[in-house]
Amino acid sequence: MGVARQERAKIKPMEQRLSTSGGAPVAGSALGLALVAVVVAVLEPFSTHITRATPALVLVLAVVAAGLVGGARAAVVTAVVAATAFNLAFIPPHWTFKVKVWDDWVALGVFIGVALAIGVLTAAQADRRRAAEQREAEMRALYEQLTAIGEERERLLEETARVQLLERVDEQRGALLRSVSHDLRTPLATIRAVASDLRDGTVYDDSTRTELLAAVCDEAERLDRLVGNLLSMSRIETGALKPERQAVALDELVHERLRRLAPLFRQVRVQVDIPAELPLVDGDYSQLDQVLTNLLENAARYAPPSSTVRVEASDRGDMVEVRVVDEGIGVPDHERARIFEP
């Protein structure tokens, strides 16, 4: 699209130059001849009452007009015709090409020289003006072309960026679905296994039955959290998630979440260090709960058995920092840049 506009813009100045060089001399010559005819028709009847300078000056003006419109060629043509008309109509004997008086030869020669000089100079000045206007028009057209090309390039860059963003979103969505499908299989497998045993009439003692039912409850709660995270992510992508800000006591939130996630921490110790004077925080309780749940689940998943998971909070002036620290192997350096990818 941009190349086509550029080619059309290149052709337009060339057409303008051709029209200027081909059509203007004809128009200028026609104008000059018409003015000469008018001057002769108007002043010739009074040739005996006026001096020769009057028609000469008026005819020079006709040459100037022809040069302004048609350039040097039109000025030369008009000057020759004007000199001929001056000789025929205003130098005796009238309407003949004979010149008997030496002074008349001088007057005719001076007229031709002055008319040609003024006409050519005027035409040259007009040509320079037209050339300047032409260059200005070409520069303006070039500027418009460059502006259009720049806008087109910017639009293409934006379109490319959008396409790349959509590709990354699709990749992340696929990775997220693979990750979620894996996370969903584990609790579903546990629930299915226990349900199958109960359906088949397998007999368990009370402690085993209690443990299996607790496992079913834990896995069901885990499924509920996974589904809740998926719904929250969908709401975030569509812009429907609006935070409901309120004053939140972090110590109560942490202890409540640890109580609900207690089955995950059976093999590790949990140490909570939250100062009693910690101020309330302004935030959305449910979203803070989800963030804390994800951090605690990750710590429980990767902490070695018999290790300690620490939950700490401290006042940082205009913010409160919450840290969940486990004793796992940590994230490799080359993976840290991708830690928030699904």
I'd like the Karplus ³J(HN,Hα) series for segment 165-174: coefficients 6.51, -1.76, 1.60, θ = phi - 60°, whole numbers in Hz, and an x wherever there's a Gly or Pro. 5, 5, 5, 5, 4, 5, 4, 5, 5, x
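Using the Cα centre as the reference, give the magnitude of the dipole from point charges on the C-beta atoms of the chain (Lys, Arg: +1; Asp, Glu: -1; all else neutral), rounded to the nearest 20 debye. Intermediate values should be presented prior to the final figure.
Details: 40 positive and 48 negative charges, 578 e Å.
Dipole magnitude for the chain comes out near 2780 debye.
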Just want the answer: with Cβ charges of +1 for Lys and Arg and -1 for Asp and Glu, which residue in Ala107, Leu35, Pro332 is farthest toward the dipole's positive end in the chain? Ala107
In nm, the gap between the two label points placed 7 Å beyond Cα toward Cβ at His334 and Ala131 is 6.8
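If r is the Cβ-Cβ distance from Ser307 to Thr160 and R0 is 51 Å, what FRET efficiency results, to the nearest 0.05?
Details: r = 48 Å, r/R0 = 0.94.
Taking R0 as 51 Å, the efficiency between Ser307 and Thr160 is 0.60.
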Quick one: angle between helix 2-43 and the longest Cα principal axis of the chain, in degrees between 0 and 90, rounded to 10, please. 20
Skipping prolines and chain starts, which residues have an amide H placed within reach, meaning under 5 Å, of the one on Val268, given they are 5 or more residues away or on another chain? Ser306
Tell me the label-point distance for the pair Gln287, Ala30, using the 7 Å Cα-to-Cβ offset, in nm and rounded to one decimal. 7.7
Quick check: pseudo-label points 7 Å beyond the Cα along Cα→Cβ at Glu327 and Arg178, how many nm apart are they? 3.4
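Would you mind ranking Ser232, Ser306 by Cβ crowding within 10 Å, fewest neighbours first?
Values: Ser232 14, Ser306 9.
By the 10 Å Cβ count, ascending, the order reads Ser306, Ser232.
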Between the Cα axis of helix 250-260 and the main Cα principal axis of the chain, the angle (0 to 90°, nearest 10) is 60
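Suppose the chain between Glu256 and Thr202 were pulled fully straight at 0.36 nm per residue; how much longer would it get relative to their current alpha carbon spacing? Walk me through the numbers on the way to the answer.
Details: separation 54, 0.36 × 54 = 19.44 nm, distance 3.53 nm.
Separation in residues times 0.36 nm, less the Cα-Cα distance, equals 15.9 nm.
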When DSSP assigns beta bridges and you keep just the ones with both residues in the chain, what percent turn out antiparallel, to the nearest 5? 65
Can you order the peptides 79-87, 276-284, 65-73, 35-43 by their average number of other Cβ atoms within 10 Å per residue, highest first? 65-73, 79-87, 35-43, 276-284
With percent of Cα pairs over 28 Å apart in mind, check (1) 62; (2) 70; (3) 39 and report the label derived from this structure. (2)
Selection from Thr96, Val58, Leu156 lying farthest towards where the dipole of segment 2-156 points positive, charges on Cβ: Leu156
To the nearest 500 deg cm²/dmol, what mean residue ellipticity at 222 nm is calculated for the chain from DSSP H runs of n ≥ 4 alone, each contributing -39,500 (n - 2.57), summed and divided by the residues? -25500 deg cm²/dmol
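For segment 49-99, what does the alpha-carbon gyration tensor say about shape, rounded, prolate or oblate, given a ≥ b ≥ c as the root eigenvalues, a/c under 1.5 as rounded, and a/b over b/c as prolate? Provide the component values of the computation, followed by the final result.
On the way: a/c = 4.33, a/b = 1.77, b/c = 2.45.
Judged from the Cα gyration tensor, segment 49-99 comes out oblate (a/c at least 1.5, b/c at or above a/b).
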Out of Arg162, Arg173, Arg199, any idea which swings most in a Gaussian network model of the chain, alpha carbons joined below 10 Å? Arg199
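Pull out the extension gain between Thr84 and Thr210, defined as 0.36 nm times the separation in residues minus the alpha carbon to alpha carbon distance; nm, one decimal. Spell out each step's value before the answer.
Numbers: separation 126, 0.36 × 126 = 45.36 nm, distance 12.91 nm.
Full-extension gain reported as 32.4 nm.
In segment 236-342, what % of DSSP beta bridges are antiparallel (nearest 5)? Each step should come with its number before you reach the end.
Working: 10 of 15 bridges.
Expressed as a percentage, antiparallel bridges in segment 236-342 total about 65.
Taking square-rooted eigenvalues a ≥ b ≥ c of the alpha carbon gyration tensor, is segment 277-326 rounded, prolate or oblate, where a/c under 1.5 means rounded and, failing that, a/b exceeding b/c means prolate?
Details: a/c = 3.54, a/b = 1.67, b/c = 2.12.
Oblate, since a/c reaches 1.5 and b/c is not below a/b.
Assign one of three labels to segment 187-301, namely rounded, prolate or oblate, based on the Cα gyration tensor with a ≥ b ≥ c the square roots of its eigenvalues; rounded applies when a/c is under 1.5, prolate when it is not and a/b is larger than b/c, and oblate otherwise.
oblate
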Karplus couplings for segment 265-280 from phi (6.51 cos²θ - 1.76 cosθ + 1.60, θ = phi - 60°), rounded to Hz, Gly and Pro as x? 10, 5, 9, 10, 9, 10, 10, 10, 10, 10, x, 5, 8, 4, x, 5
Given Val81, Val268, Ala313, which one lies farthest toward the positive end of the charge dipole of the chain, if we put +1 on the Cβ of every Lys and Arg and -1 on the Cβ of every Asp and Glu? Val81
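Just so you know, all these numbers are worked out from the coordinates, no wet-lab data involved. What you see is a predicted model, and the numbers here were worked out from it, not measured in a lab. Heads up, the Cβs are rebuilt from the backbone with ideal geometry, glycines too, and the neighbour counts pull from every protein chain shown.
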